[in-house]
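As structure tokens, the structure follows; a few thoughts come after it.
No value in this document is a laboratory result; all are computed from the given coordinates. The model shown is predicted, which means the values in this text are computed figures rather than measured ones. With ideal geometry, Cβ positions are generated from the backbone for all residues, glycine too; neighbour counts draw on all protein chains shown.
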Amino acid sequence: MTDTQIKAPCDLCGSLRFKEFWTFNDFYYVQCEDCGLIHQNPQPEPDDITNMYAEDFFHYTFENQDAFFNLMKLSLQDINFNQIAREFEGERRILDIGCATGLLLNHLKLQGWETEGVEICKPSADYARDQFDLSVHGTNLFDCSFPNDHFPVIHFSHVIEHVPSPSDFLKEVYRILKPGGYIIVTTPNVEGLFAKIFRKNWRSVRTDHLFLFSRKNLRDLLEQCGFNVLKYRSWGGIPVEMSSGKIKQITDYWVKYFNVGDVMLFLAQK
Ligand SMILES: [Zn+2]
């Protein structure tokens, strides 16, 4: 890595001082020396990023859709989503950014929510529309041009680590969120137990993960973009493919207790 390859200032603090973090053959992560944010710098070209979400990504999404859906339902329970729903009785409108094949939106639609989805992977967007008759924009968030102050609730699970500028993304989310409205955000936790153990072999180290957040970095970014952070949770110990028995149960309990889970969740408000 040479200095000339560093293309962009840190998305969180604007610094241009980075150190190598994890290096691979075709991509690498650097860490901002000022705020600690870990990210790919330089990033893949925009066309290459778009191409990451083609047919192969759809197959990956489709094969894992039930597992992802179950995790999202658990995360909603964890933040007491029913209470949020009661707050917005009469205007239950939710946007799911990165809605994948639409299972969560369909689940919410059946509970009486007016739903809208954004999904950059076109085959997934098509599936959600065809299978569940959902309104899904097969593009990125910015191209949707939603009105100001529109959605009382916006959900995005495992999305923010994929976008080229999380701060621009969060500012757009803020613009379209109703004052008093909520966002529900989940992303891998780079300070979780498994990231610490597996390091470069951690399952969330992927070419399409442009950012790897710590709890502090994401909280700071949310606050910098105007949000009030209300709740933080983390969960997930041993991946289900490695152990599904008692050991998994015990690890899952303790990582959650110590907030060092593999995935973290924030509930924040405008
Ligand atoms: Zn920084």
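What are the residues in segment 80-112 that are closer than 15 Å to I184 by Cβ and among the charged types (D, E, K, R), if any?
Those that are closer than 15 Å to I184 by Cβ and among the charged types (D, E, K, R): E87, R92, R93, D96.
Which of the residues spanning segment 29-38 are more than 9 Å from the ligand (Cβ to nearest atom) and of a type outside the set (A, V, I, L, M)?
The one that is more than 9 Å from the ligand (Cβ to nearest atom) and of a type outside the set (A, V, I, L, M): Y29.
What is the residue count in segment 32-53 for residues that are touching a helix residue (DSSP H, G or I) at 6+ places or on another chain (Cβ under 9 Å), among the polar types (S, T, N, Q) and surrounded by 18 or more Cβ atoms within 10 Å (Cβ to Cβ)?
1
So which helices (runs of 4 or more DSSP H) stay within segment 106-224 end to end and still have 1 or more residues that are touching a Leu at 6+ places or on another chain (Cβ under 7 Å), acidic (D, E) and touching a residue at least 12 places away in the same chain (Cβ under 8 Å)?
166-176, 215-224
Output the residues belonging to segment 93-105 that are out of contact with any Leu (no Cβ under 9 Å at 6 or more places or on another chain), at negative phi and not basic (K, R).
T101, L103
Let me confirm something: among F18, F58, which residue is within 16 Å of the ligand (Cβ to nearest atom) and in contact (Cβ under 8 Å) with a residue 12 or more places away in the chain?
That would be F18, the only listed residue that is within 16 Å of the ligand (Cβ to nearest atom) and in contact (Cβ under 8 Å) with a residue 12 or more places away in the chain.
Which condition does G90 not pass, out of (1) surrounded by 14 or more Cβ atoms within 10 Å (Cβ to Cβ); (2) at positive phi, if it passes all the others?
Of everything listed in (1) surrounded by 14 or more Cβ atoms within 10 Å (Cβ to Cβ); (2) at positive phi, G90 misses just condition (1).
In the list L218, L212, L177, which residue meets the criterion of being among the aliphatic types (A, V, I, L, M), under 20 Å from M52 (Cβ atoms) and buried (at least 20 other Cβ atoms within 10 Å of the Cβ)?
L212
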